[in-house]
1. Need one number: % antiparallel among DSSP beta bridges in segment 79-190, to the nearest 5.
2. For a Förster distance of 30 Å, can you work out the FRET efficiency between the beta-carbons of ARG100 and GLU167, rounded to the nearest 0.05?
3. Between segment 191-246 and segment 75-106, how far is it from one alpha carbon centroid to the other, in angstrom?
4. Given LYS126/LYS155; LYS126/LYS206; LYS155/LYS224; LYS125/LYS237, which pairs have Cα atoms separated by over 24 Å?
5. So for ASP270, ASP250, fewest C-beta neighbours within 10 Å to most, what's the order?
6. Could you rank the peptides 145-152, 72-79 by their average count of other C-beta atoms within 10 Å per residue, with the highest value first?
Amino acid sequence: MNQPRTTGNFQVQHRIAGLSRILFLFALISIFLFLAGWLFEPDLSEEIKNFWRFPPIEFFRIAFNPHTARYFLAPVSVIIFVTLAAGSYVRDIYALPRLRQGIRYVISSLFALFVPRIIIDGGEKKLEKNEVNLIDAIGGPGHVVIQPGNAVMFKELRRPSRISIRESYYLRPFETIGQIVNLDEQQDSRSDIPAVTRDGIRVTIKDIQFRYRLFPELQFGRPKRRTVDEPYPFDEKALWNSAYNLPVTDAGPDNWRTVVGRAVVGGITDFISEHDIDYLTAPRESGIDPRREIRYSLLYGPTRTALRNNGAELIWVDIGHFEIDPVVDEQRTDYWAADWLGNAQVQRAYGEAKRQVFLEMGRAEAHAEMIIALTEALKDVNWGEEPSESIRKLLILRTAEMIENWINSRNRSEKQQDGQNLLFFDEL
């Protein structure tokens, strides 16, 4: 990983430059004081000429002399006026609420005094409510304290500068914080997401949960293992993508978290728009799991590519549940009921036809049996002793027996058919 420049060297350089400017101003004031005393105070001309013999002692004697001390007012007033004017200009340019904040920025930039400080933790700048931090509002110089588990990308006025996961970073003048990323796995959620299926049914997606992280550094095609020396390995290109591949709206660039959430939600809604409502909520073929297909498309499909272009990797996702308009649910139930009722009526009609066929067959068999029985009964008639009376009694007796047997057989057949119909409707 590309480590940033040694910020301690620049910090020392900035302090040396600030001290040099202080000494330079002090020297200018001293020169002005001595020139004024030499030109306008003839009584001090000899003391000024002897200044180089014992500079410290002679300086205090001349500086605190009542006749020469008044000459301090002009240069000191000029310095104060210039500082106030510069602070007012900075306040106006950066819309700072107070003048002292602009003055502090001028002093910290010129003399390395009262340098501001900001803490980065949890993937964000730690600021108190209504706090105006000069690093956040303007930029460097200043100290950026980066807590473990955070990566910060800094930028200058026209180009990016460095990436740092160090404990502390010293900003150059006008160097600002470009992107902050929490290197830990992050949890996010979305709810009440509208979508439309392929057949025009409006669906509301509830309780989407997902976890993601900055795309890790790969080693041999797999994420690099964490070590004590490098507890948060990450891909620098992913950090650049998380900062510079963000869409820009009227309100400015979207933040990284919003872009990741939009990509996950977009993957789910795209899948819904490509399938009808029955496929999503009640697939009719066995082995179809639409939720598994959605999850696979998010983790390994086009959504994975979109997230990687934004420097993110999706680790886990729960797509929640789909909420449908109750009117649509009722219409679906009526449609399914009509389909089931039509199938049931077809089956029932088929069973009734078979029943009629069996009844007709039973009647024909009963008639045949009656005729056969009558024929057999006529064989037993004694034609010698009053044949007409014997035939009448025999026919009545045989007919009564056959009718009783036929009725009992028909009742048993109807009971069996009713039992089969009840079993059929129970199965439906």
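1. 80 percent
2. Computed FRET efficiency for ARG100 and GLU167 comes out at 0.50.
3. 45 Å
4. LYS126/LYS206; LYS155/LYS224
5. In increasing order of surrounding Cβ atoms, one gets ASP250, ASP270.
6. On the way: 145-152: 17.4, 72-79: 12.9.
Result, highest mean Cβ count within 10 Å first: 145-152, 72-79.
Bear in mind that the values in this text are calculations on the coordinates, not laboratory data. Small disclaimer: the values here were computed from a predicted structure and weren't measured. We place every Cβ from the backbone using ideal geometry, glycine too, and count neighbours over all the protein chains shown.
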